[in-house]
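Remarks on the structure that follows.
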Amino acid sequence: MTATELLARAQAGDGDAFRELAEPYRRELHLHCYRMLGSFQDAEDAVQDTLVAAWRGLDRFEGRSSVRTWLYRIATNQCLNTLRAASRRPAKEWDVPGIEPPDPTSLGEIAWLEPYPDALLDGVPAAPLGPEARYEQKESISLAFVTALQVLPARQRAVLILREVLGYPAVEVADMLDSSVESVTSALKRARAAVQRRVPPTTQADAPPMAASPVEEALVARFARAYETGDIDALVALLTDDVRVSMPPMPLEYEGRDAVAGFYGALLSADRKYHLVPTRANGQPAFGTYLRTADGARRGIGLVVLTLAGDRVSEVTRFESSVLPWFGLPRCLPGG
């Protein structure tokens, strides 16, 4: 059945036809909402709201744009509504029992940030990007880029994603946002400058190694070994001078090798044994982290995502254990 026939049946009230029409775009809409909101859970809610709104408003779709563009318009505006509601996940106090962390060097501002499983990136169809897209998928899903997006005003964020990640022309973005081309162009200029200040272009020396390359695999294995054995010296030797550790929704941040060494000196104490299970998040190597308990079991306590720069680790982002199921990781592992 052609898309035109599906649309006609859906507009006549056929729910199955609508699902067949919209379902191919669900994964990429979820990724779009994640970039807009910085939260995996909020993105799921936004996609569901998008599909409900699209079904209810299908009789008003006149076909002046593609179904994909129409869905992106609805999804973007659903995300803007979410951001206007300003009901984001609040910061949390330090809650690791038995560990007293050193004073942080700074406090993070994006408490709602959550990781995105690479397994879902693999499921995003290779939809054609517009000619004005500037970011490749790996770069546009990195934790650094998604974090930078979160500090932009909401409409600037939408413009940057629609223009430079998805490559929509300015005239289409203006239509999606009920704005003018001049306003879109101005918002893009400001957003681009703000993101470049927070995520400067990488040089050849600090570019991350290719995914699954021998360089990446060796670096990640050394990190895991140092973490699991509590070898602080070996761990610190893998870090860049300006390394940063963050742990949303806890706002504590540690910047620089000395501060990070102090933090891990407290966390990786001799009486705590960890087990790391490799996975990937946001196009980056990651680990489910498990703490061995007195009965020999290993309890999931979080997810650690590594940002690599050359042959070093430039950032470590730790998330709560609630994210583990998104990565197909259990809350507990049997003893071993």
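The values are calculated or read from the model by the stated rules, or taken from the named source; none is laboratory data. These numbers were taken from a predicted model, which means no experiment stands behind them. A quick note on method: Cβ atoms are made from the backbone with ideal geometry, for glycine too, and the neighbour counts reach across all protein chains shown.
Things worth noting here:
- Criterion (within 25 Å of the chain's Cα centre (by Cα) and surrounded by fewer than 17 Cβ atoms within 10 Å (Cβ to Cβ)) met by exactly one of Ser87, Ser66, Ser39: Ser87
- Pick from the range 42-63, criterion of a type outside the set (A, V, I, L, M) and more than 30 Å from Ala91 (Cβ to Cβ), ranking: surrounded by the most Cβ atoms within 10 Å (Cβ to Cβ): Phe61
- Any hit, the range 97-113, residues being in contact with a strand residue (DSSP E or B) (Cβ under 6 Å, 6 or more places away or on another chain), in contact (Cβ under 8 Å) with a residue 40 or more places away in the chain and in a strand (DSSP E or B): yes
- Meets criteria (under 21 Å from Leu149 (Cα atoms) and free of Cβ contacts under 8 Å to residues at least 12 places away in the same chain) for Pro214: no
- Those helices (runs of 4 or more DSSP H) lying entirely in the range 1-75 with at least 3 residues touching a residue at least 60 places away in the same chain (Cβ under 8 Å): 26-37, 40-56
- Candidates Ala221, Ala294: the one that is without any contact (Cβ under 8 Å) to a residue 12 or more places away in the chain and under 27 Å from Leu120 (Cβ atoms) is Ala221.
- Test result for Leu51, under 16 Å from Leu143 (Cα atoms), out of contact with any Cys (no Cβ under 7 Å at 6 or more places or on another chain) and of a type outside the set (Val, Ile, Thr): no
- No other residue among Thr229, Thr240 is in contact with a Ser or Thr (Cβ under 7 Å, 6 or more places away or on another chain) and outside the structural domain of Ala154 (by TED's automatic domain parsing) apart from Thr240.
- Pairs meeting the criteria (first residue in the range 311-325 and assigned to a strand (DSSP E or B), second residue hydroxyl-bearing (Ser, Thr, Tyr), beta carbons under 6 Å, at least 6 apart or on different chains) are Arg312/Thr240; Ser314/Thr240; Ser314/Thr307; Glu315/Thr307; Thr317/Ser246.
- Hey, Val184 among the hydrophobic types (A, V, I, L, M, F, W, C), touching a Phe, Trp or Tyr at 6+ places or on another chain (Cβ under 6 Å) and crowded, with 16+ Cβ neighbours inside 10 Å or not: no
- Every residue from the range 147-178 that is touching a residue at least 12 places away in the same chain (Cβ under 8 Å), in a loop (DSSP other than H, G, I, E, B) and either within 23 Å of Ser65 (Cα to Cα) or touching a His at 6+ places or on another chain (Cβ under 6 Å) (or both): Leu166, Gly167, Tyr168, Pro169, Leu177
- The set of residues in the range 76-96 being touching a residue at least 12 places away in the same chain (Cβ under 8 Å) and part of a loop (DSSP other than H, G, I, E, B) consists of Arg88, Arg89, Pro90, Ala91, Lys92, Glu93, Trp94, Asp95, Val96.
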